[in-house]
1. Distance between Cα centroids, the range B:22-76 to the range B:233-263: provide it in whole Å.
2. Top mean-square fluctuation among B:LEU19, B:LEU119, B:LEU68, Gaussian network model of chain B, C-alpha springs under 10 Å?
3. Rounded, prolate or oblate for the range B:195-352? Axes are the square roots of the Cα gyration tensor eigenvalues, ordered a ≥ b ≥ c, and the cut-off for rounded is a/c under 1.5.
4. What dipole magnitude, in Debye to the nearest 20, does the protein assembly as shown give about its Cα centre under +1 on Lys/Arg Cβ and -1 on Asp/Glu Cβ?
5. With both partners inside chain B, how many of the DSSP beta bridges are antiparallel, as a percent to the nearest 5?
6. Can you give the Rg/Rh ratio of chain B, where Rg is from the C-alpha atoms and Rh is the Kirkwood radius?
7. Please give the net charge around A:LEU2, taking every other residue with its beta carbon less than 13 angstrom from that of A:LEU2, where Lys and Arg add +1 and Asp and Glu add -1.
8. Quick one: if the Förster radius is 30 Å, what FRET efficiency do B:VAL87 and B:LYS120 give, using the C-beta to C-beta distance and rounding to 0.05?
Amino acid sequence: MLDILFFGTLIVYFLAVVAHFLALAFRKEQIIRAAWAVFYAGFALNTVFIIARGVTAGRLPLSNQFEFATAFAWCIALMAIVLHRGVREPWIGALTSAAAFLILSFAALQPRKISELMPALRSAWFGFHIGSAVFSYSAFMIAACISLRYLLLQKSATEEEERLSSLDYLSYRLTAFGFLMLTLTILSGCIWAEQAWSAFWTWDPKETWALITWLIYAAYLHLRLQKKWRGKRMAVFSLIGIVCVLFTFIGVNVLFTGLHSYK
Amino acid sequence: MKKTLTFLRSMRFGLLLLLPVLVCSVLGSIVPQGEAESYYASVFPGSYHLILGLGLDHVFRTWVFLALTALFGVNLLLCSISQYRAVPAKKTAAVFKALRAEDREPLTAEQRNALEISLKRRFWQKEEGETGTVYTSPAWTWYGSVITHFAIFGILLGAAGIFGMSRTADYEIMPGENRLPGNVSIRLDDFKVRDDSGRIDYVSTLEITDASGRSSGVREIRVNKPLRFGSNKYYQQTYGAAGTVHVSVKATGEETTLFMREPGMISAGGKDGVWYDNVYPGYVIDEAGNITVIPQTSGEYADPVYYFIRIENGVMTPMMAFPGDRVEVSDAVYTFSEPVHYPGIRVKTTPVWIYALLYLSFAALIAGLYLCFFASVASVSVEDGGWSAAGKGSEEELRQRINAFMGKGI
Ligand code: HEM
């Protein structure tokens, strides 16, 4: 049953991507609306799946790569939908639904077995630490989608200044939110690590890469707020940032072993 | 001198320092840290000389990395101080800019009322000027960036404190009384590997007595639930298993229980006795009646079996025993019992001020970032001719915020 829900979500996200690209090709209001409706449906299924898995496991379903990726895809969809209520911009639906689909595809490659929570993970900090990471990564992901849209739009060069700068601003706001969330993730991780393993910080690869990501985004914020960088340069920076996020999330587990890989 | 100071506190210097810090961090994540030399020789046969030579096996403890971090700390501190000193001027500038603005957003009497009520509710400070009224966001909103930067400095300082002053040591704690250095003693009452429902959960029940004789009372520690007592923190770190051998000396009636973690001689008189070899968690017997031990299981000792050598008058006899078995050697009786699981406890000593500083800085960092990104930091002048705002953020951003205060949608 859980598997049906999971693959159902995956398929519906895929349909949402297809519909969004069709909407881009034909620019018909009905197709755009239909594409969003499919994306909404995918989000709803994703929500049901997460709840069902949590109920089956009897705990927060956030304890391994599979569960994290499922929540990550869910949060991307959530933020895209919330954003869509205020901002109507072509490409955003296509890019964000593609992001949700790809992240969920990554989840599909992971083992789905529900396992007992190891003692180190049984903590009040668990939901907080991982929940804030999900929100942070998703905010960075949407910011990157908007930045990509910015770069595409900017290439066509005919676009009005105001529309570009509002995309630029939106991407920055999401990055700022993501940065706050990532800070929460790192700090709650420190407090938790000190309780579980006795040290606030051990430089294991996951921690190190979370710090690298945090520093990259700190540089982004300073270049924007202090050096007044805007537009294309910031959009490129945002794409570098998301590569770091994805490396922290996926690359570290694939390439390195450490406390966080729970192997 | 002044130039140097300006450079030291500049953001350019901060960004410049960031690059080598990032490079070190990437290297430190690629090369596993703190392994034995032989490990690097086998994993990186071509480059292990370079790795060891450059200290890449402990990047985050090399003087280069520590110096970079220290310089970053200096940069951050100087920068935070100058940001702190710049706040009043920024505030005044915003007030004047708002007051003097020529082109104002129109404001109906109703909107003006809504705006003023909203600003007062948000604790904006009201000042009456000659030309009109000016509201300024509360003092703390102007310090978001300052709080953020001082908090990060606080975290660096706390990290330095831990690096220099925090000590940890691991001890294997056996049932009963255990003496630790520094005149601390731990009495272990119980250690369990699973909870009542059968779920893995390592729980030690113990009582700690510190050097002054003060007792912690009987307490439980488990993974994620360390015990803070005095200036130490006690962690459930690992666990192991030990064979249990009771020795009873016939002549004196003396009884002792030994927990054997490794091979060793057990003897009452000094010469005769048993050479304890090992205890295995289980065994299988084949059709011919041969016993094969199972060296390791998931930590359970379902059918424990002891291997030992009986030594008497220079004659050595390899033997096996099951819990409950007794052997008599010369004037003593050796009884084997169920092996016990025992905890590995980590004792950490950290000055309390470091915890206080770190937790305070963590909270300040979150509060600071919240103020930076989500608080309105501005002055609004409200006149019959309309309103005008100045402060942090773009004009568009300010306009949206003020409109939101008036109840206009964004
Ligand atoms: C990794 C460490 C750092 C983090 C996480 C950090 C974070 C931030 C954040 C979130 C802001 C935005 C503040 C706002 O919106 O008002 C900011 C602004 C700023 N930061 Fe940093 N910062 C760091 C290091 C530094 C360093 C080392 C310097 C100095 C060399 C510096 C100088 C500044 C300045 C001048 C501003 C603009 C302040 C303003 O707008 O009033 N920061 N920083």
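1. 42
2. B:LEU19
3. Numbers: a/c = 2.94, a/b = 1.56, b/c = 1.88.
Because a/c hits 1.5 or more and a/b fails to exceed b/c, the range B:195-352 counts as oblate.
4. 3200
5. Working: 92 of 92 bridges.
Looking only at bridges with both residues in chain B, the antiparallel portion is about 100 percent.
6. Values: Rg = 34.7 Å, Rh = 28.6 Å.
Answer for chain B: 1.21.
7. Working: positive: A:ARG53, A:ARG112, A:LYS113; negative: A:ASP3, A:GLU67.
Around A:LEU2, the charge tally is +1.
8. 0.85
The values are calculated or read from the model by the stated rules, or taken from the named source; none is laboratory data. Remember, predicted model here, so these are calculated numbers, not experimental data. All Cβ positions, even for glycine, are placed from backbone atoms using ideal geometry, and neighbour counts span all protein chains on display. Protein only, heavy atoms only, side chains kept; ligands, DNA and RNA dropped before computing areas. Shrake-Rupley method; radii C 1.70, N 1.55, O 1.52, S 1.80 Å.
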